[in-house]
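The values are calculated or read from the model by the stated rules, or taken from the named source; none is laboratory data. All of these numbers come straight from a predicted model, not from anything done at the bench. We place every Cβ from the backbone using ideal geometry, glycine too, and count neighbours over all the protein chains shown.
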């Protein structure tokens, strides 16, 4: 997505949120807005509006301010901060307007910039609010912050930021973009503790993505990006309340016949299919392609079995001479030279099952998925992999961003809180972390009241 396309999408969303964007400073004339804008430097609009109520009662127009005593003005505006310089700017600006512009605030950028206390930000606000002229974009602290967060600019200089924004946005939007960004920055995308949980612009925010990446690194223990070259699809079937099996691990058949056909078609389109040992123990699957065998042979079967617990009478072992099968286990299991383990390994090898010992993760002693994928890609030239379960396996692939597509088959039934969940503990305690991993919905299919959701990162 180009920067201009992104800017248009952000602008469209902001316009839907703020129907009539305008300055929150109170004024009745261009001169009053000029004074209010000078006072607003390093001060909130709310405070300025409180001060100007009394200020504009005592000094009714530019001529009153031009004749005012600086000390008197200072007393009136003291709570706005920097009152010495602000009082001096207001008085000198008033005198110049009286002397050079016949008491009228000028409506051209070059002329406004000759007034003390007026920089491009103030001039742009006056021109857009009072004269409906688009000669630039006002860059205040909110606009600067959001421009950085949305990656509209890399600069810290307001004048350079303005140039970047003017190159990105069409002139017709120059007058509104300041107020849109200011409002969003003031109430949602705050400088300290931005309200990311309320933000509707996550996908465009560089700040959120970086923050989310750090949060996920801390929560999930991701130390480095895994350079995976295999296209990985995760597929699982669940109840409406997110259970893939009952508490007794019964899961046949949680989805209907049409969805089962879809699952087998999905298998036929992949080079390999991967499950964890618990799926083998509880479901005793064959992991073959029943509906499409005439067109394509079954994919290679990959079993993650850290402690080599696979039952010798399982369907996987019984059919391993027909369907190529690999078991990944903890490398330390192979080093122990225990009689029982050696005997089991020999029996599995007789059934043409290849056993690969790999390292485990120090944190949870689970098999290192990166090691598994590297082996599949480098040794077997696997290019597409279907991950079918169970919950621990699906969760680990999801945690490490190891997927390109997810198919979730949902049967609108309830199993209850004691069922087996598809996604296990992710240690997410902030809603913005979950939103940061929000998936993109590609499509939904209805197969006789079972629904298949197709999603991507």
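Look at residue 376 and say whether it is under 23 Å from residue 229 (Cα atoms) and in a strand (DSSP E or B). Spell out how you get there, then give the answer.
Details: under 23 Å from residue 229 (Cα atoms): yes; in a strand (DSSP E or B): no.
No, not satisfied.
Just for helices (runs of 4 or more DSSP H) wholly inside the range 50-112: which have at least 1 residues that are over 45 Å from the mean Cα position of the chain (by Cα)?
Details: elements: 62-66, 70-77, 83-100, 109-112.
Where helices (runs of 4 or more DSSP H) fall fully within the range 50-112 and carry at least 1 residues being over 45 Å from the mean Cα position of the chain (by Cα), they are 62-66, 70-77, 83-100.
Out of 429, 449, 418, report the one residue that is surrounded by fewer than 17 Cβ atoms within 10 Å (Cβ to Cβ), modelled with pLDDT under 85 and closer than 18 Å to residue 241 by Cα. None of the other options fit; the residue is 418. Inside the range 418-448, can you point out the residues that are touching a residue at least 40 places away in the same chain (Cβ under 8 Å), over 19 Å from residue 389 (Cα atoms) and assigned to a loop (DSSP other than H, G, I, E, B)? Across the range 418-448, the qualifying residues are 427, 428, 430, 437, 438, 448.
In the set 39, 33, 55, which member is buried (at least 18 other Cβ atoms within 10 Å of the Cβ) and in contact (Cβ under 8 Å) with a residue 60 or more places away in the chain?
33
Matching residues to (1) out of contact with any strand residue (DSSP E or B) (no Cβ under 7 Å at 6 or more places or on another chain); (2) part of a helix (DSSP H, G or I); (3) under 19 Å from residue 395 (Cβ atoms); (4) modelled with pLDDT of 90 or more:
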position: 303; (1), (2), (3), (4): no, no, yes, yes
position: 313; (1), (2), (3), (4): yes, no, no, yes
position: 320; (1), (2), (3), (4): no, no, no, yes
position: 334; (1), (2), (3), (4): no, yes, no, no
position: 345; (1), (2), (3), (4): no, yes, no, yes
position: 354; (1), (2), (3), (4): no, no, no, yes
position: 364; (1), (2), (3), (4): yes, no, yes, no
position: 371; (1), (2), (3), (4): no, yes, yes, yes
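Conditions tested, residue by residue: (1) out of contact with any helix residue (DSSP H, G or I) (no Cβ under 7 Å at 6 or more places or on another chain); (2) free of Cβ contacts under 8 Å to residues at least 24 places away in the same chain; (3) surrounded by fewer than 16 Cβ atoms within 10 Å (Cβ to Cβ); (4) over 21 Å from residue 266 (Cβ atoms).
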position	(1), (2), (3), (4)
382	no, no, no, no
386	no, no, no, no
390	no, no, no, no
394	yes, no, no, no
408	yes, no, no, no
414	yes, no, yes, yes
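Within the range 7-20, the set of residues being assigned to a helix (DSSP H, G or I), closer than 18 Å to residue 178 by Cβ and in contact (Cβ under 8 Å) with a residue 24 or more places away in the chain comprises 7, 10, 11, 13, 14, 15, 17.
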